[in-house]
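Just so you know, all these numbers are worked out from the coordinates, no wet-lab data involved. Just so we're clear, the structure is a prediction, and the values are computed from it rather than from any experiment. Cβ: placed from backbone, ideal geometry, glycine included. Neighbour counts: every protein chain shown.
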Amino acid sequence: MKNTVITIQRAKERGEKITMLTAYDYSMAKLIDEAGINMILVGDSLGMVMLGYEDTLSVTMEDMIHHTRAVARGVKDTMVVADMPFMSYQTSVYDAVLNAGRLMKEGRANAVKLEGGKEFAEHIRAITAASIPVVAHLGLTPQSLNAFGGFKVQGKTEEAARKLLEDARAIEAAGAAAVVLECVPARLAKLVTEQLHIPTIGIGAGAECDGQVLVYQDMLAMFGNFKPKFVKQFADIGNLMKEAFRKYIEEVESGAFPAEEHTFKIDDEVIEKLY
Ligand code: KIV
């Protein structure tokens, strides 16, 4: 059954956990879809893990459309959420609707995600009015890295926690279909989850959120030695891949690969005529 904003809302109401991972290309999206995930996020984290930037700020609409389109081609039942990149919605409500529309029309996403709280309520309302589901993103919002002064846990003081709760209520009232809570203390994320009717998807926000999301390179140990506290490495695919690459290099250099079974045949009389 296709996962949609309706099915994830039902999952929250039934107390069933919602699963989400990032993906940025066709073959990975296909594997994750076949594993039975509910949602794939084409995150602007692709700036770091796919394009080698040091943050998400340089990611463009063209990058997002290109990768979202590839992911959308790879999935059957998974709901695809595409990140709105930095400065694709902050500039105006008009830009927000236009660019959300491009991610749906050209990227074939099922929903868009944008970072920010009540200051973007109007943007969320307008995008939602255009029949585009919006996933909001609160807590550590990486596009605000320079304003935050680094990657830090958010909502730890009473004032910051109150602001986060207020933002969560504002984005829900504006029509958001779900909200990602990133790097938020677990007890605060629990409170937000209890107070909202829409699903909360946590990353570094504890087990009480309605769902969880991770960047696939992090959970497969494919991104060097970088491992944030909230990441669990479910497999050591990075080292497995390196080992396979080393073996390939060795076998090509030694002549062990390709072997007889990897080669194509030609009739003797055909090839002999060419000598
Ligand atoms: O860009 C991304 O991958 C994200 C997740 C970390 C939630 O926003």
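Summary of values
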read-out	value
Exposure proxy ranking, count of Cβ atoms within 10 Å, fewest first, for LYS113, LYS17	LYS17, LYS113
Isotropic mean projected area of the C-alpha convex hull, the chain (nm²)	19.0 nm²
Under the Karplus curve 6.51 cos²θ - 1.76 cosθ + 1.60, θ = phi - 60°, whole-Hz ³J(HN,Hα) for the range 7-14, x wherever Gly or Pro sits	5, 6, 5, 4, 4, 4, 4, 8
Loop trypsin sites (Lys or Arg not before Pro), the range 195-253 (other Cβ atoms within 10 Å of the site Cβ: 10 or fewer; DSSP)	LYS229, LYS232
Cβ-Cβ FRET estimate between ASP236 and ALA173, R0 fixed at 45 Å, reported to 0.05	0.55
Residue exposure sequence - LYS30, LYS12, LYS2 - by fewest surrounding Cβ within 10 Å	LYS2, LYS30, LYS12
Loop sites in the range 1-75: GluC sites (Glu not before Pro), DSSP, at most 11 other Cβ within 10 Å	GLU54
Alpha carbon convex hull of the range 1-81, projected area averaged over orientations, nm²	5.6 nm²
Over the chain: helical MRE at 222 nm, DSSP H runs n ≥ 4 each giving -39500 (n - 2.57), nearest 500	-12500 deg cm²/dmol
R0 of 22 Å, Cβ-Cβ distance LYS156-ASP55: FRET efficiency to nearest 0.05	0.50
Of LYS156/LYS229; LYS30/LYS152; LYS113/LYS229; LYS152/LYS229; LYS76/LYS118, those spanning more than 22 Å from alpha-carbon to alpha-carbon	LYS30/LYS152; LYS113/LYS229; LYS76/LYS118
Loop-located trypsin sites (Lys or Arg not before Pro) in the range 125-215 whose Cβ has at most 15 other Cβ within 10 Å (DSSP)	LYS152, LYS156
Rg in Å to one decimal, and Dmax rounded to a whole Å, for the range 1-145 via C-alpha atoms	14.4, 40
Charge dipole (debye, nearest 20) of the range 46-117; +1 at Cβ of Lys and Arg, -1 at Cβ of Asp and Glu	420 debye
Hypothetical label at ASP95: residues of the range 33-47 whose amide nitrogen lies under 18 Å (7 Å Cα-Cβ projection)	44
